[in-house]
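J.: Before I ask anything, here is the structure I am working with.
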Amino acid sequence: MSRVELRGLSKSFGPVHAVRNVSLDIPDHAFVTLLGPSGCGKTTTLNMTAGLEPVTGGDIVLDGTPITGWAPHERGMAMVFQNYALYPHMNVFDNIGFALKLQRRPRPEIDQRVRATADALELGALLGRRISQLSGGQQQRVALARAMVKEPRVFLFDEPLSNLDAALRTRMRIEIKRLHQQLRTTSIFVTHDQEEAMILSDFIAVMRDGLVVQYGPADEIYRRPNHHYVATFIGKPRMGIVRGRLRIAGAAAEFLAEGLELRWSGIPLPTLADGEYEVLLGVRAEDVRLSSNTDSADDGFDGSVELLEPLGSDTFVEVRRGAHSLTARVEPEKAPRVGETVRLRLPWSRLHLFDATTEQRIN
Amino acid sequence: MARMQRLRPAAVYALVALFLLWTVAPIAWIATMSVQPEINYVSVPPQLRLEQTSLRWYIATLADPDFVAAMQTSAVVSFVTMLLCLVIGALAAYPLARLNVPHRNLYLTVSVVSRMLPAMILIIPMFLLLRWLRLLDSYLGLIMVYTAFLLPYVIWMLKNFFEQVPYALEAAARMDGCSRLGALVRVIIPVTAPGIVATAVFAFIGAWNEFLFGLILSTSKAVPVTVKLSSLVSTTFHSDTSLVAAAGMLSLLPPVLLVFVLNRFIVQGLVEGMKY
Amino acid sequence: MQQTVSEPAAARPSLRQRLHRMGEARFGLLLLIPAAFLLLLFLIGPLLYALLMSLQQIELTISPNWRWVGLDNYLALLGERAVRESLGRTLVFAGLTIGISVFMALGLALLLNEPFRGRSMSRVLVLLPWAVAPVVAGVLWRYLFHSNYGLINALLLQFGIISAYRVWLDSAPVAILIAALATSWKTLPFLALILLARLQSIPEALYRAARMDGARTWGRFRYVTLPHLRGMLIFAVVMQTIVALQSFDLIFTLTRGGPGQGTVLLSYLVFINAFERLSLGRAAAMAVLLALLIVVLGSLAPLLASERRRKEAVDG
């Protein structure tokens, strides 16, 4: 059982509060990603969990045992670093087996475990090589092997894929996912790449400025972001946002922005109380319906096609009306031409509404 | 490589040859003096006879027990000083490079400033201190003084080298089970090995070439070879200048040998050591 | 065989565990203790003691007693003729050394920057004077210029420049020049290396841009190379000044301060006061001033060097 609980973790470097108040419950066997831009505190949180960074406030609990003051190697965790951090003066075998050597395990045991792990990652032939002789992908696998051989209770990943080129990145991603499916070890993964987070994780904690903005299952983060920040951080392309005034009256809703008017009727109740709200209206590209300009439905508006992004499997159409611009996803055959006037329809059920001031979700 | 000057190759070689001549001439001359009888180079003009080249002045110098004692003193003191500097220096350089120690900047400033203190200001108090500790004219006394004097420089150099090690490497070692000290010994030091060699060379040569402390603090039992040489030179009526020349060559031999063997490290160390 | 999370001992954690869990700050201080002890005892202590001595009148030839005189020693120094003369000599010496050594170092660095056969061997040979002790360097140059068996005399006679051997070290100005030559010889490797390091960091692209703009050899040197080197050259000048202020060993074997007092530089003057006149108080005061000057210069040097570098980065 390797359930990790972070309770009210905080870290300050003098006047700088890198981590303010992070509380996360990471269930056994889960793959959890700490997601956010640089400086949000995700790596510091990871380092505190590992024991590499002393905690300013809060506790870390592993299976009910508080481990907050413990040295890194006492915690039963293993870490994979961004720049691999392989020991340049040792060969691959010694790199992988270093931890076991420090534990004073008998040589035959070290030998067997290192070889088994190396074979699992197809590194068997490279055991005698020096680190400098390996390619980036091979080094990454050695870093993985080094963590795996310790049979830890928790894997910690510090942006391990950020240094790889796109093709290698995709391959390693799959490798890590497969590893997790196989070993089912609790894993905490840090990255700024939201695509990576979506692909790999069971749960995502979106962080900003030392705080967790939202924590939940990956698909929930995607489908129901509870904060404007999360909504625009997750999802590619970025969620389209329009600022305006929303008026609710019974089953009817009206949205007014500069040069834009949208109306919906028959909205399911109760969504929001009657009244006027200053909102940020968000809609994902795949939820926007594109139709010709002959369509005159109220829940849409006309705009001119500004830009096309053909990706092969989909085409993203950027449509502009005055100061507003939204992107719609269409099948490539149905893509309009640049300059054409089209109608974008925004179905009520697909909208994400955030209070313009607090940025919190209101629907 | 930027060929910013289109000097003809011949000019480059000529100038380089001149510089090499300039560099080597003083040593070459005394080397010559050390293998030729004095008569040959005292005459005007010098009459160097190749067939009279002999190592007998070296043999004679090495037969002089006082000189041998001086060489031994220098060897032992320099070697132990180097070791002591490295160990104590590494222990001190690590926290200054990596750890969040209170008043760290104060220690850094002190080490920078104490690097520059001239020996002259320390010599009299040092004499009184060693006399009080009964360490005058002793190996231990010299070792303590030399180590203290060279330590700031050693700490600074090692600190610079340690800072170049990526922090993740240390973190990986700690995750693998090293204590902080263990990470220092098993990971940081092996990785900075070239820098440590450079620092070791500096410490050794620095100790070997020391003069003022040896001059004042030792009288007979712990006289370093630099002091012995200067006393040979100043004796106005010595039997044979070739002997002095041989002694001079012997006293500059170890540092010169180190330069030949470890020059790559020395260059790196020089560049590293003068960084602030 | 999963790693088990080790439970802390119910009672006291072991010494090892305590060491492992000790806070960073305390651990760091622990490691600093040996160095701090050594430095306090053998460096800071004597330094403070020297300061104390500089405020006393200590004339051991007259009496073994110390008398508190406050800043009198310092004030007396400013008026003493020997000090003024020594200061003058030291400045001349510094000027000569800087002129010779920096110029040569620049030339050598430029040469070593060019590819030529035997370059690596040359770099090793050039390093030799650095390894030679200043004391030994004094001996080497004393014998080079020796009146009876000096190489200089022999060569000059050979080439007909002089008609008879000269006693070079008997004339104070010449002796100072020789000392400057010897010091330049000894410090050349270091200066050349730091200039070379800086030279090698100049991006090739700048030279190409200059050539496109029409600059020729001298122009490229003046507008690309020199600006980049300016900081390091200033650094070199300051370093050589410090060398001149500290110079003792070399003078000791080269001239012993002679002829007369002709090569008594500031550092040597301290020595004379301390060990010949046994005027420990005055010697200490002089040493303190000297050390202060050196430390100030030494702290300014990198500032000057990097100030320029920052400016260069802005101006491109």
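Each value in this text was obtained by applying a stated rule to the coordinates, not by laboratory testing. Keep in mind the model is a prediction, meaning the values are calculated, not measured. Reconstructed Cβ throughout: ideal geometry from the backbone, glycine too, with neighbour counts over all protein chains shown.
J.: Pick out which of B:Val145, B:Val110, B:Val201 has the largest mean-square fluctuation in a Gaussian network model of chain B, springs linking Cα atoms closer than 10 Å.
T.: In this elastic network of chain B, the residue with the biggest mean-square fluctuation among B:Val145, B:Val110, B:Val201 is B:Val110.
J.: If you plug each phi of region B:160-169 into the Karplus form 6.51 cos²θ - 1.76 cosθ + 1.60 with θ = phi - 60°, what whole-Hz ³J(HN,Hα) values come out, in order, with x for Gly and Pro?
T.: 4, 5, 5, 5, 7, 6, x, 4, 4, 5
J.: Mind checking the full-extension length gain between C:Phe159 and C:Leu48? Use 0.36 nm per residue of separation minus the Cα-Cα distance, one decimal, nm.
T.: 34.4 nm
J.: Relative to the longest principal Cα axis of chain A, at what angle does helix A:107-120 sit, 0 to 90 degrees, rounded to 10?
T.: The two axes meet at around 30 degrees.
J.: Can you give the FRET efficiency for A:Phe13 and C:Phe37, using 1/(1 + (r/R0)^6), R0 = 22 Å, r = Cβ-Cβ distance, to the nearest 0.05?
T.: 0.10
J.: Modelled label-to-label distance, A:Thr271 and C:Ser14, 7 Å Cα→beta-carbon offset: nm?
T.: 6.5 nm
J.: Rounded, prolate or oblate, given the Cα gyration tensor of region A:236-363, with a/c below 1.5 counting as rounded? Could you put the intermediate results ahead of the total?
T.: Working: a/c = 2.00, a/b = 1.77, b/c = 1.13.
In terms of gyration-tensor shape, prolate.
J.: Hey, in the GNM for chain C with a 10 angstrom Cα cutoff, which one of C:Ala285, C:Ala274, C:Ala36 fluctuates hardest?
T.: Fluctuation is largest for C:Ala36.
J.: Under a point spin-label approximation (7 Å from Cα along Cα-to-Cβ), what is the A:Arg107-C:Arg67 distance to one decimal in nm?
T.: Reported label-point gap for A:Arg107 and C:Arg67 is 7.8 nm.
J.: Using the Karplus equation 6.51 cos²θ - 1.76 cosθ + 1.60 (θ = phi - 60°), what ³J(HN,Hα) coupling, rounded to whole Hz, does each residue of region C:262-277 give in order, writing x for Gly and Pro?
T.: My calculation for region C:262-277 gives x, 10, 7, 7, 4, 4, 5, 5, 4, 4, 4, 4, 7, 10, 10, 8 Hz in order.
J.: Please state the Cα pair-distance histogram of the protein assembly as shown with 10 angstrom bins from zero: what percent is in each bin?
T.: Values per bin, smallest distances first: 2, 9, 15, 16, 15, 14, 11, 8, 5, 3, 1, 0, 0.
J.: List the residues, sorted by chain then number, that are 5 or more residues from A:Met207 or on another chain and whose placed amide H is less than 5 Å from its amide H.
T.: Under 5 Å from the amide H of A:Met207: A:Leu35, A:Gly36, A:Val213.
J.: Further question on the same structure: Per residue of C:140-148, count partner chain C-beta atoms within 10 Å of its C-beta, then hand back the mean as an integer.
T.: Shielding by partners across C:140-148 averages 5.
J.: Rounded to the nearest angstrom and ordered from largest down, what semi-axes does the equivalent ellipsoid of region C:194-316 get from its C-alpha gyration tensor (root of 5λ)?
T.: The three semi-axes for region C:194-316 are 43, 16, 9 Å.
J.: Counting Lys +1, Arg +1, Asp -1, Glu -1, what net charge surrounds A:Asp25 among other residues with beta carbon under 13 Å of its beta carbon? Let's see the in-between values first.
T.: Values: positive: A:Arg3, A:Arg7; negative: A:Glu5, A:Asp28, A:Asp59, A:Asp63, A:Asp202.
Summing Lys/Arg as +1 and Asp/Glu as -1 gives -3.
J.: Please compute, for peptide B:240-247, the average count of beta-carbon atoms on other protein chains lying within 10 Å of each residue's beta-carbon. Write out the running numbers ahead of the final one.
T.: Values: counts 0, 4, 1, 0, 2, 4, 0, 2.
Other-chain Cβ atoms within 10 Å of each residue's Cβ, averaged: 2.
J.: At R0 = 22 Å, how high is the FRET efficiency between A:Asn363 and A:Ala297 if r is their beta carbon distance? Nearest 0.05 is fine.
T.: The value I calculate is 0.60.
J.: Now a separate question. Could you sort C:112-124, A:237-249, C:260-272 so that the peptide with the highest average Cβ count within 10 Å comes first and the rest follow in order?
T.: Working: C:112-124: 14.5, A:237-249: 17.4, C:260-272: 22.2.
Answer by packing, highest mean first, reads C:260-272, A:237-249, C:112-124.
J.: Follow-up. In a GNM of chain B with a 10 Å cut-off on Cα contacts, which of B:Met249, B:Met120, B:Met144 has the highest mean-square fluctuation?
T.: B:Met120
J.: Evaluate peptide B:227-233: per residue, the Cβ atoms of other protein chains within 10 Å of its Cβ; return the mean as an integer. Kindly include the intermediate steps, with their values, before the conclusion.
T.: Working: counts 1, 0, 6, 9, 0, 1, 10.
So the per-residue partner count for this stretch is 4.
J.: Loop sites only, by DSSP: take the GluC sites (Glu not before Pro) in chain A that have at most 12 other C-beta atoms within 10 Å and name the longest stretch containing none of them. Don't jump to the answer; show the numbers that get you there.
T.: Values: sites that count: A:Glu122, A:Glu258.
That would be A:123-257.
J.: Same structure, new question: Please give the direction-averaged projected area of the C-alpha convex hull for region A:93-216, in square nanometres with one decimal.
T.: Answer in nm², one decimal: 8.7.
J.: Provide the per-residue ³J(HN,Hα) series for region C:83-97, in order, calculated from phi with Karplus coefficients 6.51, -1.76, 1.60 and θ = phi - 60°, each as a whole number of Hz, with x at glycine and proline positions.
T.: 5, 5, 5, 4, 4, x, 4, 5, 5, 4, 4, 4, x, 4, 4
J.: Name all residues of region A:73-110 having a backbone nitrogen under 11 Å from the label point set 7 Å from the Cα of A:Leu183 along its Cα→Cβ direction, giving them as ranges.
T.: A:77-80
J.: Would you work out if region A:1-103 is rounded, prolate or oblate? Take a ≥ b ≥ c from the square roots of the eigenvalues of the alpha-carbon gyration tensor; rounded if a/c is under 1.5, else prolate when a/b is larger than b/c, oblate otherwise. Before the final figure, lay out the partial values.
T.: Details: a/c = 1.88, a/b = 1.44, b/c = 1.30.
Since a/c reaches 1.5 and a/b is larger than b/c, the shape of region A:1-103 is classed as prolate.
J.: What is the distance, in nm, between label points placed 7 Å from the Cα along the Cα-to-Cβ direction at C:Leu75 and at A:Arg289?
T.: 10.0 nm
J.: For region A:208-297, what does the alpha-carbon gyration tensor say about shape, rounded, prolate or oblate, given a ≥ b ≥ c as the root eigenvalues, a/c under 1.5 as rounded, and a/b over b/c as prolate?
T.: prolate
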